[in-house]
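The values are calculated or read from the model by the stated rules, or taken from the named source; none is laboratory data. Note that the structure is predicted; figures quoted are calculated from it, not measured. Using ideal geometry, Cβ is built from the backbone for each residue, glycine included, and neighbour counts are taken over all protein chains shown.
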2 protein chains.
Amino acid sequence: MSELTSSPTPTPAPGQAAPLPKTYGMLLFRGYELLDVFGPLEALAVLARRTKIDLYMLAETLDPVTTEPLMPSMNSFNSSFFPTVYPTHTLANAPDIEVLMVPGGIGTRSPFLNDTIGWIAETYPKVQYLLTICTGSALVAKSGVLDGRRATTNKASWSSMTLYGPNVEWVPKARWVVDGNIWTSSGVSAGIDATMAFIEHLYGEDNATEIANIMEYERHTDPDWDPFSEIWGVPSA
Amino acid sequence: MSELTSSPTPTPAPGQAAPLPKTYGMLLFRGYELLDVFGPLEALAVLARRTKIDLYMLAETLDPVTTEPLMPSMNSFNSSFFPTVYPTHTLANAPDIEVLMVPGGIGTRSPFLNDTIGWIAETYPKVQYLLTICTGSALVAKSGVLDGRRATTNKASWSSMTLYGPNVEWVPKARWVVDGNIWTSSGVSAGIDATMAFIEHLYGEDNATEIANIMEYERHTDPDWDPFSEIWGVPSA
């Protein structure tokens, strides 16, 4: 088989109740981190060749969304290395989604994301699953949705990010954490492993393994694997 | 330190002659593979917070570029899971670039990429480095640039892709291959490892390690590591 070949639609994993989610929404905002968005979307795009799923890219407006930080001080060397991506829908006109994905990035520190944060609080009760990547969990923490929940976040930015969620039970050593229908991952590339585990949860190990093989990606399958917690000196890790 | 902190500009790795490349061009075409583009760009975007580098996104026209395959038969389940990205320059008006990057994806099989392939042949003599990801090496092979060179490509699509380069010395088992100033990687996520190795080549191991730690990414540092070669039954692997 090759990347071209389509397999039969995977069946739900044992114990996984149908119907499986068909609609995914990725939240975008200025200063998002590239791999937080496109690592998970790669894994899901391969899944999309094996079963019907749809993706919406959601932001406050339909303007192009750049990874460029709002403040020039966050781009000390005056680099211009900022791909832009276009939303498909505004938050106000977003279709119903079953899986909401929230990436991280420098932009999560922006003081101008109140509408987005409000939208997360309003939308969470309507989705089947919420996945956050990296400091995306801090954005969701600001919305109150993580209160009383176990969650993790980026390890290099641990101290500043966890402040946004004083009522969250932050897990200092974890590649990802699952609490109910909320999946939170550690920094950047951890989003790929969390997404692969999410795919395994929905479609079983064989499908997740095959998707990883197509991506030539060696998964971390242990949610407790986290050398970066120690590398970045996360307290109590 | 956190993802916000800027380090002093890294110095060239020992034995690495200055000046280091400052301008990177990523080639885009319909049906490119998401992670082929955004995995390497993530690593380089972190580098861009530590030294000045610029990125150009290049395509035949300035129209948005979708990952959607040209032929509906390549999207058997009628999914709509296709983020679009916008080029910054057309190939005809591309600024001078020092590092050319060519991703792979289903679109490399398109019969309508002759202008792009011609542009690769014409541009290669002017760049310092050429990096390909996944089946991007097949696109470059079509241009003749890989003739007589050692190179690798996606392992799941090995048989069909290597046909595009009958005069290429294809390496069946490799995470990535370096031949002169041409770096070719294996499938999809291998592009991240090849890019990290390229950063190490230019800026030394400490900088590459720190960038990987910021990405919370466990690198494969051995170019010969390639379990996928066997998994996909690549002949003579």
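Could you list, in sequence order, all residues of segment B:97-131 that are under 23 Å from B:I199 (Cα atoms) and in contact with a helix residue (DSSP H, G or I) (Cβ under 7 Å, 6 or more places away or on another chain)? Listed by number, the residues that qualify are B:L100, B:M101, B:V102, B:P103, B:G104, B:I120, B:L130, B:L131.
Could we say that A:Y86 is within 21 Å of B:F81 (Cα to Cα), of a type in the set (F, W, Y) and in contact with a Ser or Thr (Cβ under 9 Å, 6 or more places away or on another chain) here? Criteria met by A:Y86. Of the residues that sit in segment A:77-98 and are outside any loop (DSSP other than H, G, I, E, B) and closer than 21 Å to B:R50 by Cα, which one is farthest from the chain's Cα centre (by Cα)? Among those that are outside any loop (DSSP other than H, G, I, E, B) and closer than 21 Å to B:R50 by Cα, it is A:S80.
Can B:A121 be described as under 17 Å from the mean Cα position of the chain (by Cα) and away from chain A (no Cβ under 14 Å)?
It is true that B:A121 is under 17 Å from the mean Cα position of the chain (by Cα) and away from chain A (no Cβ under 14 Å).
Condition check: touching a Pro at 6+ places or on another chain (Cβ under 7 Å) and on the phi < 0 side of the Ramachandran plot. Does B:Y86 satisfy that? Answer is yes for this residue.
Among all residues of segment A:77-100, there is none that is β-branched (V, I, T), touching a residue at least 12 places away in the same chain (Cβ under 8 Å), buried (at least 22 other Cβ atoms within 10 Å of the Cβ) and away from chain B (no Cβ under 14 Å).
Within segment A:101-114, the set of residues being part of a loop (DSSP other than H, G, I, E, B) and surrounded by fewer than 22 Cβ atoms within 10 Å (Cβ to Cβ) comprises A:S110, A:P111, A:F112, A:L113. Within segment A:26-43, the residues that satisfy the criterion of being farther than 10 Å from A:T66 by Cα, among the hydrophobic types (A, V, I, L, M, F, W, C) and within 10 Å of chain B (Cβ to nearest Cβ) are A:M26, A:L35, A:V37, A:F38, A:L41, A:A43.
Yes or no, residue by residue, for (1) over 16 Å from the mean Cα position of the chain (by Cα); (2) closer than 16 Å to B:L100 by Cα:
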position	(1), (2)
B:S137	no, yes
B:G144	yes, yes
B:T153	no, no
B:S157	yes, no
B:P166	yes, no
B:E169	yes, no
B:A212	yes, no
B:E216	yes, no
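Criterion first (touching a residue at least 60 places away in the same chain (Cβ under 8 Å), within 10 Å of another protein chain (Cβ to nearest Cβ) and of a type outside the set (K, R)) does B:W225 satisfy it? Outline the logic, then answer.
Working: touching a residue at least 60 places away in the same chain (Cβ under 8 Å): no; within 10 Å of another protein chain (Cβ to nearest Cβ): yes; of a type outside the set (K, R): yes.
So B:W225 fails the test.
Has segment A:137-147 got any residue that is surrounded by fewer than 17 Cβ atoms within 10 Å (Cβ to Cβ), farther than 21 Å from B:E216 by Cβ and of a type outside the set (S, T, Y)?
Looking through segment A:137-147, at least one residue is surrounded by fewer than 17 Cβ atoms within 10 Å (Cβ to Cβ), farther than 21 Å from B:E216 by Cβ and of a type outside the set (S, T, Y).
Of all the numbered requirements in (1) closer than 24 Å to B:Y217 by Cα; (2) of a type outside the set (S, T, N, Q); (3) touching a residue at least 12 places away in the same chain (Cβ under 8 Å); (4) at the interface with chain A (Cβ under 7 Å from one of its Cβ atoms), B:P64 misses one, and that requirement is (1).
Scanning segment A:201-236 for residues that are at pLDDT below 95 and in contact with a Phe, Trp or Tyr (Cβ under 9 Å, 6 or more places away or on another chain) yields a single hit, A:P235. Scanning segment A:73-122 for residues that are aromatic (F, W, Y) and farther than 25 Å from B:M57 by Cβ yields A:F112, A:W119. Scanning segment B:59-76 for residues that are within 20 Å of the chain's Cα centre (by Cα), surrounded by fewer than 19 Cβ atoms within 10 Å (Cβ to Cβ) and not in a loop (DSSP other than H, G, I, E, B) turns up just one, B:T66. Within segment A:99-118, if we keep just the residues that are under 14 Å from the mean Cα position of the chain (by Cα) and modelled with pLDDT of 95 or more, the residue that is nearest to A:S76 (Cα to Cα) turns out to be A:G105. Hey, can you tell me all the residues within segment B:48-87 that are closer than 25 Å to B:I214 by Cβ and touching a Leu at 6+ places or on another chain (Cβ under 9 Å)? Hits for segment B:48-87 are B:A48, B:R49, B:T51, B:I53, B:L55, B:M57, B:P83, B:V85. With respect to being in a loop (DSSP other than H, G, I, E, B) and not charged (D, E, K, R), A:P40 falls outside the description. For segment A:32-43, a tally of residues being in contact with a Leu (Cβ under 7 Å, 6 or more places away or on another chain) and either of a type in the set (D, E, K, R) or surrounded by fewer than 22 Cβ atoms within 10 Å (Cβ to Cβ) (or both) returns 1. Of the set (1) under 19 Å from the mean Cα position of the chain (by Cα); (2) surrounded by 24 or more Cβ atoms within 10 Å (Cβ to Cβ), all apply to A:G180 but (2).
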